[in-house]
Amino acid sequence: MRLKQLGSARMGYIFVILSAVMFGSVSTLAKPIVSTLNPLLLSSIIYLIVSATLSPLAQKKPFPKSKKNYTLILTIAVCGSILAPSMYFVGLEHASASDAALIANGETFFSVLLAIVFFKERLGKIGYLATVMIFAGIIIVTTDLDFSSITLQQIHYKDWLLILSMFFWGIDNNLSRILARTINVAKIAQIKTGIGGATLFVFAVFVYQVPIQIEASSIPAIIILGVFGFAASLYFFMLGLNRIGTVRTSLIFSSSSVFGLVSAAIFLHEIISWYQVVAATVMILGMYLMNRKESVINPV
């Protein structure tokens, strides 16, 4: 039984790392698209692609009917598939791909904070050390340790939208963890992205009357973004949630910023500083410590 649990945990780590690699590419793929396509329409199309992609994995899994399940899935859909993606893509209009990848670490912060405060997950001493190291890496890579020029007033409102999107994804992650105890993760992801994609499409096309004009050159990137950047990444992330808990999953997932920096440098030719290299090293070491069995106690 113990060997089975250890094997499940190892697969959980692998799933989350795969999710981080895929999600890390999102800002790089999406940055050129948001300059030519309305972000609300882009969000709706991507989430409809996600729902369609996950349908084969979810079609044989019925959704258990209960008031609690309906309330959870609706809240998850609103937070994680309507508010979060629309804010993210609007914010991405202003931010660089590398900045967006770094701000994405806010999802880790909010997910862990909510898990500890409201859902009673607890860290061991090694877990707290790992958390400090990962957040230290986040601070280094976000600020280059230059705090003198950073004020709240200087942060663009679209950067605040990116941060808010991470807050709503943090809520989504914790509630999805609860629902995933009894419901297939592919079914959860399919339903919430279907609700979100359809809702955003109605608002974009019928409320805001956004014209459906997509450049042919953007179609391959949109498909890749939907299938791999969101659908596969979301599916692997939720598998990780189900196996190793919200805290570990969220902290390991924070490595997506490292992969985001690398992809932005390779494909968009953005510069990676030595501060970012140091931060990535600290975060990777922190993730190694987080993977040790002593790092989390009383997981939910």
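The values are calculated or read from the model by the stated rules, or taken from the named source; none is laboratory data. Quantities reported herein were computed from a predicted structural model and do not represent experimental measurements. Don't worry about glycine lacking a Cβ; one is built from the backbone with ideal geometry, like all the others, and counts go over all protein chains shown. Areas reflect the complete protein model, heavy atoms only, side chains present, ligands, DNA and RNA absent. Shrake-Rupley method; radii C 1.70, N 1.55, O 1.52, S 1.80 Å.
Condition (residue is modelled with pLDDT of 85 or more, in a helix (DSSP H, G or I) and open to solvent by 20 Å² or more (accessible area, probe 1.4 Å)) applied to the stretch 114-125: is it met by at least one residue?
Filtering the stretch 114-125 down to residues modelled with pLDDT of 85 or more leaves 114.
If we keep only those that are in a helix (DSSP H, G or I) too, we end up with 114.
Adding the requirement that they be open to solvent by 20 Å² or more (accessible area, probe 1.4 Å) leaves 114.
Taking every residue of the stretch 114-125 in turn, at least one turns out to be modelled with pLDDT of 85 or more, in a helix (DSSP H, G or I) and open to solvent by 20 Å² or more (accessible area, probe 1.4 Å).
Determine which member of the set LEU29, LEU40, LEU18, LEU48 is surrounded by fewer than 23 Cβ atoms within 10 Å (Cβ to Cβ) and more than 20 Å from ASP172 (Cα to Cα).
Numbers: LEU40 fails: more than 20 Å from ASP172 (Cα to Cα); LEU18 fails: more than 20 Å from ASP172 (Cα to Cα); LEU48 fails: more than 20 Å from ASP172 (Cα to Cα).
Result: LEU29 is the single residue among LEU29, LEU40, LEU18, LEU48 that is surrounded by fewer than 23 Cβ atoms within 10 Å (Cβ to Cβ) and more than 20 Å from ASP172 (Cα to Cα).
Please determine, by comparing only the residues of the stretch 51-61 that are within 20 Å of the chain's Cα centre (by Cα) and of a type in the set (A, V, I, L, M), which one is surrounded by the most Cβ atoms within 10 Å (Cβ to Cβ).
Among residues in the stretch 51-61 that are within 20 Å of the chain's Cα centre (by Cα) and of a type in the set (A, V, I, L, M), the one surrounded by the most Cβ atoms within 10 Å (Cβ to Cβ) is LEU54.
Going through ILE244, ILE252, ILE219, ILE271 one at a time, which residue ends up being touching a helix residue (DSSP H, G or I) at 6+ places or on another chain (Cβ under 9 Å) and open to solvent by 70 Å² or more (accessible area, probe 1.4 Å)? Steps first, please.
Numbers: ILE244 fails: open to solvent by 70 Å² or more (accessible area, probe 1.4 Å); ILE252 fails: open to solvent by 70 Å² or more (accessible area, probe 1.4 Å); ILE219 fails: touching a helix residue (DSSP H, G or I) at 6+ places or on another chain (Cβ under 9 Å).
Exactly one residue qualifies, and that residue is ILE271.
Test of understanding: among VAL207, VAL227, which residue is open to solvent by 10 Å² or more (accessible area, probe 1.4 Å), over 15 Å from the mean Cα position of the chain (by Cα), farther than 15 Å from GLY80 by Cβ and at pLDDT 90 or above? Steps first, answer last, please.
Numbers: VAL227 fails: over 15 Å from the mean Cα position of the chain (by Cα).
Going through VAL207, VAL227 in turn, just one is open to solvent by 10 Å² or more (accessible area, probe 1.4 Å), over 15 Å from the mean Cα position of the chain (by Cα), farther than 15 Å from GLY80 by Cβ and at pLDDT 90 or above: VAL207.
Looking at (1) surrounded by fewer than 23 Cβ atoms within 10 Å (Cβ to Cβ); (2) under 15 Å from ALA101 (Cβ atoms); (3) aliphatic (A, V, I, L, M); (4) within 22 Å of the chain's Cα centre (by Cα), can you tell me which one ALA264 breaks?
If we test ALA264 against (1) surrounded by fewer than 23 Cβ atoms within 10 Å (Cβ to Cβ); (2) under 15 Å from ALA101 (Cβ atoms); (3) aliphatic (A, V, I, L, M); (4) within 22 Å of the chain's Cα centre (by Cα), just (1) comes out false.
Going through the stretch 50-74 one residue at a time, which ones are touching a residue at least 40 places away in the same chain (Cβ under 8 Å) and under 23 Å from VAL205 (Cα atoms)?
VAL50, SER51, THR53, LEU74, listed by residue number.
Considering the stretch 230-241 alone, what residues qualify as being open to solvent by 10 Å² or more (accessible area, probe 1.4 Å) and under 21 Å from LEU42 (Cα atoms)?
Within the stretch 230-241, PHE230, ALA232, LEU234, TYR235 qualify.
Could you list all residues from the stretch 274-284 that are open to solvent by 50 Å² or more (accessible area, probe 1.4 Å) and either without any contact (Cβ under 8 Å) to a residue 12 or more places away in the chain or of a type in the set (Val, Ile, Thr) (or both)?
Restricting attention to the stretch 274-284, the residues satisfying the condition of being open to solvent by 50 Å² or more (accessible area, probe 1.4 Å) are 274-275, 277-278, 281, 284.
The answer is TRP274, VAL277, VAL278, THR281, ILE284.
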